[in-house]
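Report on the following structure.
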Amino acid sequence: MRRPLGMVFDLGDTVLNLQSIDGIAGDRRLLEFAVNAHDLTAEDINLAAEELGRETMRLSDESMLQYTWQSFNRLLCETLDITFNVSHAELEREFWNTALTFEPCAGIFDVLDTLERNQIKTGILSNTARTGLVLEEELAKHNLARRFSFLVSSADYGFRKPHYRIFQVAIRKMDLEPQDIWFVGDTLAYDIKGAINSGLYPVWYNPQGNPNDTDYECLEVRGWHEFANKIEALCSH
């Protein structure tokens, strides 16, 4: 195991934990900006969104191509004869801030302090339909935005993990050789598979102790305090 020069993190359930999601509340907020031809309720819209979401997520996983929340919402609402008097970017921000709440994963600040102390670069690569701007604003709420030198959202680049092209973007932004970069994430299918295929050292963040039912070889970490100690020991040699 070699000392990393850079470390790229997944975002959801790795850096930030999703605490709650209320799609109906989000849709209710969007209706405040809407011309709603058929007087549909937030519950009506949410039901249609769940059906469309199942289809788009399946196709996205199969193709490794990323749809965006803005295109999803346009397709959803325009087929329901709902239009808006604000921009789609503003709608995305309003829905996010109303429907979702996050908290930093326990111990993540210890890890970031350790990496900064040892001059190890950091970045984020996230599979999400939301733009990087929205994610950066969420990180800023938790005093995390300045802890990462870049954030790559699949919504901004068209490809999803584990496709190698989205990993190439992160590698370029890190400006290091792949073998000098560790990638840390909580999913085997997206994070670990993609990291291995892209030549990065894979670290599986697995606080729940789930079994590894794949043949992927990776460093498994159950908690961030443990990981911070491991990095500190590795860098002190």
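Sub-9 Å Cβ pairs linking a first residue in region 1-23 that is more than 26 Å from residue 45 (Cβ to Cβ) and modelled with pLDDT under 95 to a second residue that is β-branched (Val, Ile, Thr) and buried (at least 24 other Cβ atoms within 10 Å of the Cβ), at least 6 apart or interchain, number zero. Residues in region 54-87 that are exposed (fewer than 15 other Cβ atoms within 10 Å of the Cβ), assigned to a helix (DSSP H, G or I) and not polar (S, T, N, Q): 54, 55, 57, 58, 59, 61, 62, 75, 78.
Would you confirm whether or not region 114-127 contains a residue that is surrounded by fewer than 18 Cβ atoms within 10 Å (Cβ to Cβ) and among the hydroxyl-bearing types (Ser, Thr, Tyr)?
Taking every residue of region 114-127 in turn, none turns out to be surrounded by fewer than 18 Cβ atoms within 10 Å (Cβ to Cβ) and among the hydroxyl-bearing types (Ser, Thr, Tyr).
Of all the residues in region 88-102, those that are under 12 Å from residue 135 (Cβ atoms) and either assigned to a helix (DSSP H, G or I) or touching a Phe, Trp or Tyr at 6+ places or on another chain (Cβ under 7 Å) (or both) number 3. In region 79-99, the residues that are over 17 Å from residue 28 (Cβ atoms) reach residues that are among the small types (Gly, Ala, Ser) and surrounded by fewer than 17 Cβ atoms within 10 Å (Cβ to Cβ) with C-beta atoms within less than 7 angstrom, at least six apart or across chains, in these pairs: 81/37.
Of all residues in region 112-144, exactly one satisfies the criterion of being over 30 Å from residue 73 (Cα atoms), free of Cβ contacts under 8 Å to residues at least 40 places away in the same chain and touching a helix residue (DSSP H, G or I) at 6+ places or on another chain (Cβ under 6 Å), namely 112.
Within this structure, residue 223 fails the test of being among the small types (Gly, Ala, Ser) and touching a Leu at 6+ places or on another chain (Cβ under 9 Å). Inspect region 184-194 for any residue being in the same structural domain as residue 122 (by TED's automatic domain parsing), surrounded by 13 or more Cβ atoms within 10 Å (Cβ to Cβ), farther than 22 Å from residue 64 by Cβ and of a type in the set (Asp, Glu) and give the result as yes or no. Checked against the condition, which is being in the same structural domain as residue 122 (by TED's automatic domain parsing), surrounded by 13 or more Cβ atoms within 10 Å (Cβ to Cβ), farther than 22 Å from residue 64 by Cβ and of a type in the set (Asp, Glu), region 184-194 yields no hits at all. Among the residues of region 152-174, those that are closer than 22 Å to residue 231 by Cα and either touching a residue at least 60 places away in the same chain (Cβ under 8 Å) or in contact with a His (Cβ under 7 Å, 6 or more places away or on another chain) (or both) comprise 170, 174. Quick one: is residue 112 touching a strand residue (DSSP E or B) at 6+ places or on another chain (Cβ under 8 Å), in a helix (DSSP H, G or I) and at pLDDT 95 or above? Considered against the rule, which asks whether it is touching a strand residue (DSSP E or B) at 6+ places or on another chain (Cβ under 8 Å), in a helix (DSSP H, G or I) and at pLDDT 95 or above, residue 112 comes out as yes.
The values are calculated or read from the model by the stated rules, or taken from the named source; none is laboratory data. Everything numeric in this text was worked out from a predicted model, so none of it was measured. Positions of Cβ are backbone-derived with ideal geometry, glycine not excepted, and every protein chain shown enters the neighbour counts.
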